[in-house]
Amino acid sequence: MSRRGTAEEKTAKSDPIYRNRLVNMLVNRILKHGKKSLAFILVI
């Protein structure tokens, strides 16, 4: 039996433009080499 506790479930933060969690999750899936600004341009 492990001594570690269970991991807390993380909630996705909302994006700065639309204040929507789903948009932020989509942008994070599209990310290429950490360029989040480019991913936001592709979504918009």
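The values are calculated or read from the model by the stated rules, or taken from the named source; none is laboratory data. Owing to the predicted nature of the structure, the values given are computational and were not obtained by experimental measurement. No Cβ is skipped: glycine too gets one built from the backbone with ideal geometry, and neighbour counts run over all protein chains shown.
For every residue, the table says whether it meets (1) outside any helix (DSSP H, G or I); (2) under 14 Å from the mean Cα position of the chain (by Cα).
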{"residue": "R3", "(1), (2)": "yes, no"}
{"residue": "K10", "(1), (2)": "yes, yes"}
{"residue": "S14", "(1), (2)": "yes, yes"}
{"residue": "R19", "(1), (2)": "yes, yes"}
{"residue": "N28", "(1), (2)": "no, yes"}
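Where the second residue is loosely packed, with under 13 Cβ neighbours inside 10 Å and in a loop (DSSP other than H, G, I, E, B) and the first is aliphatic (A, V, I, L, M) and lies in the stretch 24-35, which pairs have Cβ atoms under 9 Å and are six or more apart or on separate chains? The qualifying pairs are M25/A12. For the stretch 30-44, a tally of residues being in contact with a helix residue (DSSP H, G or I) (Cβ under 7 Å, 6 or more places away or on another chain), part of a loop (DSSP other than H, G, I, E, B) and of a type outside the set (K, R) returns 1. For beta carbons closer than 9 Å, sequence separation of 6+ or different chains, a first residue in the stretch 1-21 that is closer than 28 Å to A39 by Cα and a second that is surrounded by 10 or more Cβ atoms within 10 Å (Cβ to Cβ) and aromatic (F, W, Y), the qualifying pairs are D15/F40; P16/F40; I17/F40.
For the stretch 14-28, residues that are modelled with pLDDT of 85 or more and among the charged types (D, E, K, R) total 2.
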